[in-house]
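Data block below; observations after.
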């Protein structure tokens, strides 16, 4: 059973990161004017991000093994579809976290020389790195789930650019 689903578009990931960077910068400006703490996630959120990445990767590797011919077990198509959705969600969540913390960091760059404690800067850098890992794993796992063309299948008729843009077949 095949279904058609849209693939992750790198341009959308970049757009999400840029929009969230602007929002993070604005939020930091507003919180600093109100003498509030920086709107940065705690380092403990890295554990949650790591768990999502590990689960996504494990499920993606199961689908990839099946796709590559190791079919000693039946692959549940619903589990494969959910793996693709998880991979896409992981990539977009990573773009959100990367963009948000990049915006905050950009706002704080002029004050680096005045800071005696750089812990929050390292915290933002760690969260940004976690966002990059989430994007990378999400994109990779989505590709794990892509079905190769079948041997006996006739070539698909050419599509117009709008008709087939961004659509791929998944397990």
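Sorting 142, 29 by the number of Cβ atoms found within 10 Å of their own Cβ, with the fewest placed first, yields 29, 142.
Relative to the current alpha-carbon distance between residue 73 and residue 14, full extension at 0.36 nm per residue lengthens the span by 17.5 nm.
Per residue, the average separation of C-alpha pairs within less than 8 Å and at least 6 apart gives segment 1-116 a relative contact order of 53 percent.
Among 122, 66, the ranking by other beta carbons within 10 Å of each residue's beta carbon, starting with the fewest, stands as 122, 66. Per-residue Cβ neighbour counts within 10 Å put 76, 107, 68 in the sequence 68, 76, 107, beginning with the fewest. Which shape class applies to segment 13-62: rounded if a/c is under 1.5, otherwise prolate when a/b exceeds b/c and oblate if not, where a ≥ b ≥ c are the square roots of the Cα gyration tensor eigenvalues? Taking the square roots of the gyration eigenvalues as a ≥ b ≥ c, segment 13-62 is oblate.
Each value in this text was obtained by applying a stated rule to the coordinates, not by laboratory testing. A quick note: this is a predicted structure, and the numbers were derived from the prediction, not measured. We place every Cβ from the backbone using ideal geometry, glycine too, and count neighbours over all the protein chains shown.
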